[in-house]
1. For the range 38-59, how many residues meet the condition of being surrounded by 14 or more Cβ atoms within 10 Å (Cβ to Cβ) and farther than 16 Å from SER105 by Cα?
2. Name, by its number, the condition in (1) free of Cβ contacts under 8 Å to residues at least 60 places away in the same chain; (2) within 20 Å of the chain's Cα centre (by Cα) that does not hold for GLY100.
3. Against the condition among the β-branched types (Val, Ile, Thr) and either farther than 18 Å from VAL128 by Cα or loosely packed, with under 13 Cβ neighbours inside 10 Å (or both), how does THR76 come out, does it pass?
4. Return a yes/no flag: does the range 81-96 have any residue that is in contact with a strand residue (DSSP E or B) (Cβ under 9 Å, 6 or more places away or on another chain), surrounded by 14 or more Cβ atoms within 10 Å (Cβ to Cβ) and touching a residue at least 12 places away in the same chain (Cβ under 8 Å).
Amino acid sequence: MTLVRWTPRTTLGFRNEFDRLFGSFFNTSDEEETSLTAFSPAVDITEKEKEYLISAELPGIKKEDIKMNISDNQLTISGEKNQEQKIENENYHRTERVYGSFQRSFRLPEISDQENISAEFKDGVLTVTVPKLKESISKNIAIKIK
């Protein structure tokens with residue numbers, strides 16, 4: 001019987017090793033690369049007693065470039081992050097900022113008050129407030145049988 005030394009690896013370690021292996025296969029340079037292909041804003045959704053809050057990070061986007069609509073009980077936030085004009089004859093070493101159109105959609109809960117949704121855009125963060133409908137108070141009603 002042959003004994004083989006076992007070295008446990010974490011999932012993250014395995015992923016890093018996998019990325020390194022395939023990164024060197026597809027990449028001819030040893031430089032660090034960030035593969036960002038599309039702009040998709042980060043979003044937080046929280047629930048409070050009377051409302052839901054959706055906060056989307058939209059840095060570098062103008063308020064005029066953001067659109068919101070509701071269709072089929074789904075809230076859609078869309079827009080475009082425009083690229084600053086690059087100066088010709090500049091020697092860029094790296095450009096990592098991502099530009100382009102984006103769209104995020106969220107299914108609204110049945111108890112959301114779609115008529116009173118509001119939004120505020122401040123310091124690059126869009127905060128959407130989705131009020132909850134007032135839930136009907138259930139009552140026990142005795143029904144007489146004839």
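A short reminder: the numbers here are calculations on the coordinates, not readings from a lab. Predicted model only: the values in this text are computed from it and were never measured. Every residue, glycine among them, receives a Cβ derived from its backbone with ideal geometry; neighbour counts consider all protein chains shown.
1. Just the residues of the range 38-59 that are surrounded by 14 or more Cβ atoms within 10 Å (Cβ to Cβ), to begin with: 39, 41, 43, 51-52, 54-56, 58.
Checking which are farther than 16 Å from SER105 by Cα leaves us with 51.
Result for the range 38-59: 1.
2. Only one criterion in (1) free of Cβ contacts under 8 Å to residues at least 60 places away in the same chain; (2) within 20 Å of the chain's Cα centre (by Cα) is unmet by GLY100, namely (1).
3. Values: among the β-branched types (Val, Ile, Thr): yes; either farther than 18 Å from VAL128 by Cα or loosely packed, with under 13 Cβ neighbours inside 10 Å (or both): no.
Spelling it out, it is not the case that THR76 is among the β-branched types (Val, Ile, Thr) and either farther than 18 Å from VAL128 by Cα or loosely packed, with under 13 Cβ neighbours inside 10 Å (or both).
4. yes
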